[in-house]
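What follows draws every value from the coordinates through simple rules; no lab data is involved. Not measured: the values here are computed from a predicted model. We place every Cβ from the backbone using ideal geometry, glycine too, and count neighbours over all the protein chains shown.
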């Protein structure tokens, strides 16, 4: 007997369309500007040769503050964004070699992905050792996360349908041999649609950054791919047995020398 589904699974393309439509609203543009400021404080400290942007839900180059010259964006629709080389591909199936990208930037890709684990595994595969993975997502432990409990029906809001908390994301990254090196957040005002009313709560921005730095509406998790430095057991065994063999050869030559003298 097949159990009924609590939520209907939508195609990933429909979710991307919902994301794009929401980010085109006044509240979405406000959050996007706050996210751009947050990313501009992180990217200048990350170096390399190749940068990749995944989870394309807005037609904007969010890697413009990066010092990496070669930047590209991967999406099935192959969007034309100034400053980014287009790469037509699904985020779960990237036509890139292993260990080839210095920086992978995921912009709300996990919030709308049908399989977030496959999304992360593919991003980790193309990342070089000691490369960085920067992930932006909606924070369920924020005023926005609490606000959704008072909205009915809250499931129609794609940006809070499958929230992945930073703590759960850190556990997923640890399983993929990624080490979390930083966590920041942005946008501490309530998700009010009217800009005039929202400006009355701008004092929460400075208060949140000072006393609740991880409680913003959008979080940014920075992780680094760890390098394994395990010495193979076979190599160590060969080194252990190399010394006795040399000692036996020396003793054999010494015995032959004594026999010749006699």
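General observations
- Difference of contour (0.36 nm per residue) and Cα-Cα distance, residue 196 to residue 179: 2.0 nm
- Using R0 = 30 Å, the C-beta based FRET efficiency linking residue 67 and residue 227 works out to 0.85.
- Between residue 98 and residue 17, the contour length at 0.36 nm per residue exceeds the alpha carbon distance by 26.2 nm.
- Protection proxy ranking for 64-76, 82-94, 120-132, using the average of other Cβ atoms within 10 Å per residue and placing the highest first: 120-132, 64-76, 82-94.
- A full extension of the chain between residue 209 and residue 33 corresponds to an added length of 61.8 nm, given 0.36 nm per residue minus the alpha carbon distance.
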